[in-house]
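Here is the structure we will look at, set down as structure tokens.
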Amino acid sequence: MLILAKSILGLMLGFFIAVVFGWFLIPVLKKLKCKQSISVFTAFRHAEKNGTPTIGGLIFIIPTLLVMLFLYLRGSLEITHSLLIIIFVFISYAALGFVDDYLKIREKNNDGLSIPQKLLIQVLIALVFFYIYMQGGGDANVTITSLGIDIDMGWLYGLFILFLLVGSSNAVNLTDGLDGLAGGLSLIAFLSFGIISWGSTWIEGYQEIAIFCFIVVGSLLGFLVYNTHPAKVFMGDTGSLSLGATLAAIAILTKHELSLALIGGVFVIETLSSIIQLTAIKKFHKKVFLMTPIHHHFEKLGWPETDIVKMFYIVGFMLSMIAIYYGVWM
């Protein structure tokens, strides 16, 4: 029960600090003119959002780190190899996103870092991840117990880590197109992995992983105070890249990579819709969807933004419940 008490304490602290921090940060972002440039492709519904402050991911990133520090100083958690990896990924992808956001703001467009630049940085992050993981006694096996799969990948496990980090971070980034959508779905995902981590007693530092997840849940809840429709701030790449990559890191460390595909099912659907659309246009010169990612397809159909977000929340929640059943009891 002690892990439950620590998790709830972390959640509450994360929420209150995020709310207070956001109240101070948003006026600062406006003063510094950290404004979001709306793409011409989404201007048909989102023109009024042009100029909304971005880099709002700091509202949940900084409180999460502060609460972790507070709990460590009071002796409520230990710095394990697993926690070190999670914090490293959380901060490094936030830094990558911050640079990308900064370049977009400075150039007043949506270009940011080039694809080769992003990939190079993500390769370096994956290498550090792999090194810390192996130094902490981690194995290079991909294990899916329910399917009887246990493959020793050796050094190729580093490429597997890179694939999941890049895929998950970009999936959340693609989903961040409607007020509260990526933030709310990420909250559900971290809540699910927090519950799964509670039961992963065979993993070194499982308690710290669970506590971290619940701190992020609280911080995201505080962020959503300002990000739900109509959004007063956007998380930007600073937030979306950090959230996606950290979810992948937790899935790897808890050996629930398959669960990640379910828990992040909406992120997967958003990504697949974009891939299908691009392939259909290039190969067959036809569109499958009115616009992608798929949340824009529903906008084109005339759905109110809030209804789309609510529907995606429900789908994300139900998929997460299935994943928890599979990951904990099955």
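What helices does the chain have that are whole DSSP H segments, at least 24 Å long along their own axis by Cα, and with mean Kyte-Doolittle hydropathy of 1.0 or more? Long hydrophobic helices here: 2-31, 81-107, 115-135, 157-175, 181-198, 206-227, 236-253, 265-284, 305-324.
Dipole orientation for the chain: of the candidates Gly244, Trp155, Ile86, Gly244 has the Cα lying most toward the positive pole (charges on Cβ; Lys, Arg +1; Asp, Glu -1).
Tell me, what is the Rg over Rh of region 2-256, with Rh the Kirkwood radius over Cα pairs? My calculation of the ratio gives 0.98.
The H on the amide N of Asn141, modeled in the peptide plane, is under 5 Å from the matching H of Met153, each at least 5 residues off or on a different chain. For Tyr72, neighbours were defined as the other residues whose beta-carbon sits under 10 Å from its Cβ, and their charges (Lys and Arg +1, Asp and Glu -1) total -1.
Relative to the Cα centre, the charge distribution of region 46-112, modelled as +1 at Lys and Arg Cβ and -1 at Asp and Glu Cβ, gives a dipole magnitude of about 120 debye. For the chain, a simple Cβ point-charge model (Lys and Arg +1, Asp and Glu -1, everything else neutral) yields a dipole of about 1020 debye relative to the Cα centre.
Of the residues Ser169, Pro304, Trp198, the one whose Cα sits farthest toward the positive end of the charge dipole of the chain, with +1 on the Cβ of Lys and Arg and -1 on the Cβ of Asp and Glu, is Pro304. Toward the positive end of the charge dipole of the chain, with +1 on the Cβ of Lys and Arg and -1 on the Cβ of Asp and Glu, the farthest Cα among Leu262, Val28, Leu58 is that of Val28. Taking every DSSP helix (H) stretch of at least 4 residues in the chain, weighting each as -39,500 (n - 2.57) and dividing the sum by the residue count yields a mean residue ellipticity at 222 nm of -23500 deg cm²/dmol.
Every read-out reported here was derived from the displayed coordinates using simple, explicitly stated rules and does not represent laboratory data. The structure displayed is predicted, hence computed values, not measured ones. All Cβ positions, even for glycine, are placed from backbone atoms using ideal geometry, and neighbour counts span all protein chains on display.
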